[in-house]
Amino acid sequence: MKLMYAKLSPFTRKVVVAIAEKNLTSKVEFVPTEVGHGKINPDLMRLNPIGKIPTLVTDEGESLFDSSVIIDYLDELQPQPRLIPPPGAARRRTLRLNAVGDGLLIAGILYKVELSRPAERQWPEMLKQQWAKVVKCLEFLDAELGAHGTDVTMGEIAAGCALGWLDLRAPEEKWHEKHPGLAQWFARFGERPSMAGSRPA
């Protein structure tokens, strides 16, 4: 298998963590792939019409994209440990956590992109809206995971990668101080070899 990735992409990190949790790292070729705002990568777009990473090419030549789709495939390939539970309450919880983790990332990235524009061209309402989403996502994750979460599913992986992105890209938010229970969970979850080995520098 080949994974088109970038080290600083939190969505890529989700997949890298999932691969490690399933002990599949030795079976994957990691291909550094350039993407970015205003950039077209024709090689990537031949595999993925959305032109985003992560993109996984299976041994059979099938191209898979979106981190959740890739993790679902990894569950088929290596059923244990299962990262997306079978239908039922546990599955809904996992998918909901994943949606909040991804939502935090998308809102945070949109906020940072808008903030990078010249001050006179920024959209204040957009900045306020996106950061409000980040704040609400943090509150949700704090209530859902707190200091006591012990599961390891795609949901926890998404949350961990989103919080890692915040530490790297928005340390001024100081979310650890505002959500000490969530910070405890994140510190413990971050000690997993899959998380420690994929931590962005």
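I'm checking my understanding of the structure. Among residues of region 177-201 that are of a type in the set (A, V, I, L, M) and either surrounded by fewer than 13 Cβ atoms within 10 Å (Cβ to Cβ) or out of contact with any Asp or Glu (no Cβ under 9 Å at 6 or more places or on another chain) (or both), which one is modelled with the lowest pLDDT?
Here the residue is ALA201.
Going by what's in this entry, would ASP151 be described as under 19 Å from ARG13 (Cα atoms) and either out of contact with any helix residue (DSSP H, G or I) (no Cβ under 7 Å at 6 or more places or on another chain) or not assigned by TED's automatic domain parsing to the domain that holds THR12 (or both)?
yes
I need every pair where a residue in region 150-173 that is aliphatic (A, V, I, L, M) has its Cβ under 8 Å from the Cβ of a residue that is buried (at least 16 other Cβ atoms within 10 Å of the Cβ) and not in a helix (DSSP H, G or I), sequence separation at least 6 or different chains.
VAL152/LEU83; VAL152/ARG192; MET154/LEU83; MET154/ILE84; ILE157/LEU83; LEU168/PRO200
Name the strands (runs of 3 or more DSSP E) wholly within region 19-132 that hold at least 3 residues that are more than 14 Å from the chain's Cα centre (by Cα) and surrounded by fewer than 17 Cβ atoms within 10 Å (Cβ to Cβ)?
The qualifying strands (runs of 3 or more DSSP E) are 29-32.
Give region 119-147 a look and list any residue that's under 16 Å from LYS178 (Cβ atoms) and of a type in the set (Lys, Arg), or say none.
Step one: list which residues in region 119-147 are under 16 Å from LYS178 (Cβ atoms), which gives 131-147.
Correct list: LYS133, LYS136.
I'm trying to understand the selection: among the residues of region 72-119, which are farther than 17 Å from CYS161 by Cα, hydrophobic (A, V, I, L, M, F, W, C) and in contact with a helix residue (DSSP H, G or I) (Cβ under 8 Å, 6 or more places away or on another chain)?
Of everything in region 72-119, those that are farther than 17 Å from CYS161 by Cα, hydrophobic (A, V, I, L, M, F, W, C) and in contact with a helix residue (DSSP H, G or I) (Cβ under 8 Å, 6 or more places away or on another chain) turn out to be LEU74, LEU115.
The values are calculated or read from the model by the stated rules, or taken from the named source; none is laboratory data. Values in this document were obtained by computation on a predicted structure and should not be read as measured data. Reconstructed Cβ throughout: ideal geometry from the backbone, glycine too, with neighbour counts over all protein chains shown.
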